[in-house]
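Notes follow the structure.
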Amino acid sequence: MHKRFRLKPIYLLILQSLAITYAYADDTAAPPAPASGKIEVVTIFGTGQTRQVQNVTRDDLIKVVPGTSPLKTLEKLPGVSFQSADPFGAYEWSTRFSIRGFSQNQLGFTLDNVPLGDMSYSANNGLHISRAISSENIGRVAVSQGAGTLATASTSNLGGTVQFVTLDPSDERGATLAQTIGSDSTSRTFVRFDTGMFDTGTKFYLSGTRQRADKSKGWGAQNQDQINAKLVQKFGDSRLSMFINTSERHEVDYADMALEMVGRLGYNWDNYAPDWQRAVNAAKGLYSGGVTNMDDAYYLGRGLRKDTLGGATLNLVLSEAATLKTTVYHHDNKGMGQWYTPYQASPSGVPISIRATEYTIDRNGAVVDWSYDIGNHTLSAGAWGEKSDHGLTRNFYGINGPEDMDRFLSDPFKTAFKQDFTTTTSQFYVADTVTLMDGDMKVNAGFKAPKTHIVAKNIVAGRAEGEITASKSFLPQVGVNYSLSKNDEVFVSASQNMRAYQPGVNGPFSTSQAAFDGSAANLKPETSTTVDLGFRFKREMLQGSVSLYHADFKDRLLNVASCPGIAGCPSTFINVGKVETQGIETAAVLKLAPEWSWFNSFTYNDSKYKADYFDNGYTNPALASSDPQSHVVRASGKQVVDTAKMLFNTELSYENPVWFARGGAKFTDKRYYTYLNDVEVPAFWVATFSAGYKIKSLGLLKDASLQLNVTNLFNKQYFSTVGTNGFLTADPQGAYATLLSGAPRQVFVSLNAKI
């Protein structure tokens, strides 16, 4: 009861603020535009949608540090949380992206209609957007916080969806050059050549990207090379677009940290490299400089990824009323995560070896969407099919000393486990959108039916094998949008979604065979029911939105860590039951003058576990009570791990034909990494600043710009990423290393121009 009364003032304050804002937004109350020109507000709020939708435009993408993950640019939006240990947000071990408390592996991601899977670090069904394409080639990003469209090719979107749309080749022939330099020896070079439009209706671009950057603390680098190519062929009103992108990324890891380590070792603590002798001593139990245990640091960690992603989309205009869009795609990946582990000695006698987790992906698929307008109806239907072969191996490689092992290794001396997974996915949907009341009301309704079947084979003993299927024959979605006036609209939507089981490191096959056999028959896929109620408004000086939401999340499946991550113990796969989420999102952009705009967003998210669970994974209380090793974890009423209750973002922007500048700050509330919430990661603010100068022509260069970016402007020390080594039931001493500190202040200068 006491907690309920504490929530009321927050909601009342927000609603009162919105009432005041809306009153000011009224046409009669708004002050007139200055005589210098009409004030225009850029639309980002998904006008006309029956769901909560926002867009990040190309203008937002080019104002951040070149090479920044487009996911990071989304953190300004309500409901969105993004964390990373590097200033670019591209270091995948540290990347954590969530919407309304739904974590990254519970969201759906696509690039030009091609599914990217859940973009998890332990790659099994996709790849991260930072590897899928260079950020310079992305045109816009659409975020649906509550539920994506039924056509989204994803079986992980319990929560929202993120759709990345690439830039087309230019109609004019030319080249784009961009160079960035900055802190920690950062150098990023981007070159793109556009053929322009040929008489045949064909245009094409080819780009190359090379990025080199040292870590902001410790030793090592995070490097990436990419090649992107895209072709567009027009014939009448129809078009064919094709792309192929390659990426090779090598990143040296930061040391995972624990809360109690800050007092002993400080925020700037990192792994031992290049101090080999200290790593050897620590492996022998000889500690120094505040180190008290073997897991405070290791010699080195490294991630290697090599990807090829290709897709082709044929968009046929069959008639004035009918269209047919077909996308086919291929993705192959080779990955390796290396840790120098003191838990396994090398055959040479060195008390350290390299523990490598190795991944392969070979997936192929097709997405078909059909649309037909008849009267006031728009009928649509579609299907998606994919087959993915995924390999997962845990090998150990011997070393003689601090050798250069920045490569894919071969000839291990020991294999802990090796699994192969074949995942077959099918999904179809039907929907109808009806326009009523002379266009003032739009109603859409439909359903989708996903099915994912996984066959796991255990090649080398150590982990589980078997088959498992997740399917639903009817997942409905309905939405209504009603225009109160030409500038005001309300919307309501409701949807049900399912998340398929995942192969690989974090799925049900990551346990022992006995644990899988005991739980597989009772496993249920995660499902969610989400309801949104929202209001959008737009005026000459102000536009914004507010949304209330509620989500029931059933059968949440979690991997609970049972030892330090490097030790590689099988995790416990647990059904923690129901999670209930409710909250409010607000966002508004105020145009103060033709050159000035002020954006603000606020989120209050209350996500709590609604049931206790058994710590050995039993879902049947009768079975659990018969096991003397089974204990009840009193998680009911606790806040969901790695979920901040409050998020606030503010950003002030200035732009004229010559100069531009942006300054902003983001607040992230406290978070937990234990299910009992017995230790909290403190809340923090982080500020950024950017400014630039635009030049129409400079010698051979045209449309040139010189840009300055400063991240973590006030050099704040804080923990950004939570859960790098998983989550625990409890950790009262704050001693489990599953956190990463945020990057310190970084400064970058970029020159961009066309020839």
Restricting the search to the range 130-142, which residues are surrounded by fewer than 24 Cβ atoms within 10 Å (Cβ to Cβ) and either of a type in the set (D, E, K, R) or closer than 29 Å to Gln639 by Cα (or both)? Glu136, Arg140, Ala142
Residue check, Val710 under 26 Å from Ala213 (Cα atoms) and either of a type in the set (Val, Ile, Thr) or open to solvent by 20 Å² or more (accessible area, probe 1.4 Å) (or both): yes
Residues of the range 270-284 being of a type outside the set (D, E, K, R) and either closer than 14 Å to Val350 by Cα or touching an Asp or Glu at 6+ places or on another chain (Cβ under 8 Å) (or both), which ones? Asn271, Trp276, Gln277, Ala279, Val280, Asn281, Ala282, Ala283
Mind checking whether some residue in the range 718-739 is open to solvent by 20 Å² or more (accessible area, probe 1.4 Å), in contact with a Pro (Cβ under 8 Å, 6 or more places away or on another chain), more than 21 Å from Asn293 (Cβ to Cβ) and not in a strand (DSSP E or B)? yes
Report the residue count in the range 98-116 for those that are in contact with a helix residue (DSSP H, G or I) (Cβ under 9 Å, 6 or more places away or on another chain), open to solvent by 10 Å² or more (accessible area, probe 1.4 Å) and in a loop (DSSP other than H, G, I, E, B). 0
Residues of the range 170-183 being surrounded by 15 or more Cβ atoms within 10 Å (Cβ to Cβ) and closer than 15 Å to Pro66 by Cα, which ones? Thr176, Leu177, Ala178, Gln179, Thr180, Gly182, Ser183
Would you mind finding the one in Met441, Met437 that is over 28 Å from the mean Cα position of the chain (by Cα), open to solvent by 50 Å² or more (accessible area, probe 1.4 Å) and closer than 22 Å to Gln477 by Cβ? Met437
Residue hits (the range 640-655; surrounded by fewer than 21 Cβ atoms within 10 Å (Cβ to Cβ), in a strand (DSSP E or B) and not hydroxyl-bearing (Ser, Thr, Tyr)) are Met646, Phe648, Asn649, Glu651, Leu652, Glu655
Restricting attention to the range 338-360, report how many residues are assigned to a loop (DSSP other than H, G, I, E, B), surrounded by 23 or more Cβ atoms within 10 Å (Cβ to Cβ) and without any contact (Cβ under 8 Å) to a residue 60 or more places away in the chain. 0
From Leu240, Leu259, Leu231, Leu167, grab the single residue that is surrounded by 16 or more Cβ atoms within 10 Å (Cβ to Cβ), of a type outside the set (Val, Ile, Thr) and in contact with a helix residue (DSSP H, G or I) (Cβ under 8 Å, 6 or more places away or on another chain). Leu167
Which numbered condition in (1) assigned to a strand (DSSP E or B); (2) within 30 Å of Asn506 (Cβ to Cβ) is the only one that Leu751 fails? (2)
Here is a list: Ala449, Ala431, Ala445, Ala461. Which entry is among the small types (Gly, Ala, Ser) and under 20 Å from Asp517 (Cβ atoms)? Ala461
Considering only the range 262-276, state which residues are farther than 15 Å from Trp219 by Cα and assigned to a helix (DSSP H, G or I). Val262, Gly263, Arg264, Leu265
Considering only the range 18-33, I want to know if a residue exists there that is modelled with pLDDT of 50 or more and either in contact with a helix residue (DSSP H, G or I) (Cβ under 7 Å, 6 or more places away or on another chain) or open to solvent by 10 Å² or more (accessible area, probe 1.4 Å) (or both). no
Got at least one residue in the range 239-252 being within 27 Å of the chain's Cα centre (by Cα), more than 30 Å from Arg173 (Cβ to Cβ), part of a loop (DSSP other than H, G, I, E, B) and not acidic (Asp, Glu)? no
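The values are calculated or read from the model by the stated rules, or taken from the named source; none is laboratory data. All values derive from a computational prediction rather than experimental measurement. Please note: Cβ atoms are built from the backbone with ideal geometry, for glycine as well, and neighbour counts cover all protein chains shown. Protein only, heavy atoms only, side chains kept; ligands, DNA and RNA dropped before computing areas. Shrake-Rupley method; radii C 1.70, N 1.55, O 1.52, S 1.80 Å.
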